[in-house]
Structures are given as structure tokens and as C-alpha cells.
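The values are calculated or read from the model by the stated rules, or taken from the named source; none is laboratory data. Please read these numbers as outputs of a predicted model, since none were measured by experiment. Don't worry about glycine lacking a Cβ; one is built from the backbone with ideal geometry, like all the others, and counts go over all protein chains shown. With ligands, DNA and RNA removed, areas are computed over all heavy atoms of the protein, side chains included. Shrake-Rupley method; radii C 1.70, N 1.55, O 1.52, S 1.80 Å.
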Amino acid sequence: LTETGDDLVPPLLHSLRSKGIQVWGWHYIYGDYPRSEADRAIHRINQLNLDGYVLDVEGEYKQPGKYAAAKLFMSRLRAKYPQLPIALSSYRFPSYHPQVPWKAFLESCDFNMPQVYWQYAHNPVDQLIRTVREFQSITPFRPIIPTGSAYRSGSWLATPADVKTFMQSCQAHNLPAFNFWEWSNCRKYVPDTWRAIADFPTTVV
């Protein structure tokens, strides 16, 4: 919302859909009030008629007692939208974050969208391979749609070579899709990286 209370999302959705682009929601959840967060998600999905929904789960869900919060959130969301595509967006290496209730989320998700951010490095392929391997070893397994780095942080930036090798590796490992974080930073600070993404040959399903 703007300072005057205007919701800028509906006109953006209209513009995207006029180009044949599906629109998914994105929701950073905290787990302190899972019922309210689920109800907010349900409201927004219904209001905007979203094509899918992405749940961003990070440090807050590493706190004690959050398994029950994850179960409540997902059961409430799935009760309302049993067929809606839902994806989990979280850490790239689950072995580093065992406190996250991975199973509680993934058993009710359709896709796994790990944040494969190679910030302060330039080894996206190595990090992607490790991400896929780690998630293949936990249950339940969900198709992986990794999110790569497309931004600048301080003096570090994702380069065109970085994103190109990342996308090539995604295809080589037969991953169904890939995406990047994030559009506005990339366009503003690393336009050559944006062009590398835009020019990469992909097949739209």
C-alpha cells in the first residue's frame, strides 16, 4: 500500500496478465500468529485471484515451538485452497538450519524454492549442486525451483557470468524452472546481469 492507502498490486497484476504472465503471491511469515497469517494469505489469494503462493520461511521459524505453528498455518491454508500451487522459499542448505520445520511445510507444498544466494562468492554451480543434493536426502522431496542471486550488496554483485552458469546448471540438472532475487535491485544496480537473464534461452511451459 502507498502512504495514501492505494493498493498498487491490482493494476500490476492486470498488466502482467495482459502479457500472459501468471502471478503468484509472496508472503514472509513469522509463526507467532499462524492463524492470523493464514487468514491474511487466504484473503489476499482470494482478493487477487492469485495463480500460486510462495511462503518465505526464515529465522523466526528456527525458534522453539514453531513446528506446531507451521502445521496450523499450512492446514488452514490448504483447507481453503487444496489445489493451489504453493512453494516454500527458505535456506539453501537444510543441514545448516535443522531447526526449521521442513517437513511441516514441505508435506503441504508443491514446490521447493530454496534461496541459492552465492553472496560474496562466485560459485553458483557448486552451491546449486549442494542444495539439490541436500534436499534430495530429506523427506518429503518436492520439485526444486531455485532462486538465484541477481542483486548488489555492498561491493559485491552477481555478475552476468554468475547467472548464466546458474541457469545452465539448472537446465543441466533438469530442474523445472528457476528464478532470481530481485528485480528492482538488479535493474538498478546490475543491468548487465538483468540483460543476461532476459536474453537466456528458456522454454515457457
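Quick notes on this one:
- Taking Met113, Met167 and ordering them by how much accessible surface each has at a 1.4 Å probe, largest first, produces Met113, Met167.
- In the stretch 94-183, the chymotrypsin sites (Phe, Trp or Tyr not before Pro) that fall in loop regions by DSSP, at most 14 other Cβ within 10 Å: Tyr120, Phe141
- In the complete set of protein chains, residue-level accessible area for Lys103 is approximately 110 Å², probe 1.4 angstrom.
- Mean separation of Cα pairs under 8 Å and 6 or more residues apart, divided by the residue count, gives the stretch 99-195 a relative contact order of 30 percent.
- Three-way shape call for the stretch 1-41 based on the alpha-carbon gyration tensor, with the a/c threshold at 1.5: oblate
- Descending semi-axes in Å of the stretch 53-146, equivalent ellipsoid built from Cα gyration tensor: 23, 15, 11
- A straight line joining the Cα centroids of the stretch 154-196 and the stretch 36-59 runs 26 Å.
- Under 17 Å from the Leu16 label point (7 Å along Cα→beta-carbon), backbone N, the stretch 35-49: 41-49
- Exposure check, 1.4 Å probe, all protein chains in place: Leu12 carries approximately 100 Å² of accessible surface.
- Of the solvent-accessible surface of the chain, computed with a 1.4 Å probe and all protein chains present, 54% belongs to carbon and sulfur.
- Taking all protein chains into account, the per residue accessible area for the stretch 7-149 stands at 50 Å² (1.4 Å probe).
- For Thr4, the solvent-accessible surface computed with a 1.4 Å probe is close to 110 Å², ligands and nucleic acids excluded.
- Calculated [222 nm] ellipticity per residue, helices only, for the chain: -13000 deg cm²/dmol; basis is -39500 (n - 2.57) per DSSP H run with n ≥ 4, divided by all residues, nearest 500.
- Nonlocal Lys pairs with alpha-carbon distance under 21 Å, the chain (8 or more apart, or different chains): 7
- Computed over the stretch 118-205, the ratio Rg/Rh where both radii use C-alpha atoms and Rh is Kirkwood: 0.98
- Applying 0.36 nm per residue to the separation of Ile129 and Glu182 and subtracting their alpha-carbon distance, the gain on full extension is 16.9 nm.
- The separation of the stretch 13-31 from the stretch 139-153, counted between C-alpha centres, amounts to 17 Å.
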